[in-house]
Amino acid sequence: MYLSRPAEYALRAMTYLARTKPDVRVRTKDLAKATDVPPAFLAKIMRELTTKGLLDAQKGHNGGFLLARPASEIRFIDILQAVDFDPDSEYCLFGLGNCNAKNPCPLHYEWAVLKEQIEQWARSNSLADSA
């Protein structure tokens, strides 16, 4: 497993929003600068997070983004899945397309343990844990 760019950027943005005051909206431009994410790419990610119900978006003069629910109710797995990242994926560190339990790469079993730990972390921890 690896973190895709959208997954990494979504985690950065959501963690930043979790650390801001709950009633303060943050514009994409400001969020992109604060998290060092390209603004156009971040805008697409923010739309996806809004569509999935993790963010509240408002356009206009006082517009921007807020968490749609308390940080304690947003698990890291929710964020990852919102941008179509699945920690259960069969990613192989050696790049073998057919790496599995029947045909393992040299690191298959160790990597499986690490993937399970990462998934457990993502399911067990919320944005509140990072604030």
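The values are calculated or read from the model by the stated rules, or taken from the named source; none is laboratory data. Note that the structure is a prediction, hence the values are computed from the model and not measured. Here the Cβ positions follow ideal geometry from the backbone for every residue, glycine too, while neighbour counts run over all protein chains shown. Please note that ligands, DNA and RNA were not included when accessible areas were found on the heavy atoms of the full protein model with its side chains. Shrake-Rupley method; radii C 1.70, N 1.55, O 1.52, S 1.80 Å.
Would you call SER126 closer than 22 Å to THR50 by Cα and surrounded by 17 or more Cβ atoms within 10 Å (Cβ to Cβ)? Criteria met by SER126.
Residues that are at pLDDT below 95 and outside any loop (DSSP other than H, G, I, E, B) within the stretch 1-10 comprise ARG5, PRO6, ALA7, GLU8, listed in sequence order. Residues in the stretch 13-25 that are outside any loop (DSSP other than H, G, I, E, B) and open to solvent by less than 80 Å² (accessible area, probe 1.4 Å) were compared, and the one that is farthest from GLU116 (Cα to Cα) is LEU17.
Only one entry of LEU93, LEU114 meets the criterion of being in contact with a Cys (Cβ under 8 Å, 6 or more places away or on another chain) and at pLDDT below 90, and that entry is LEU93.
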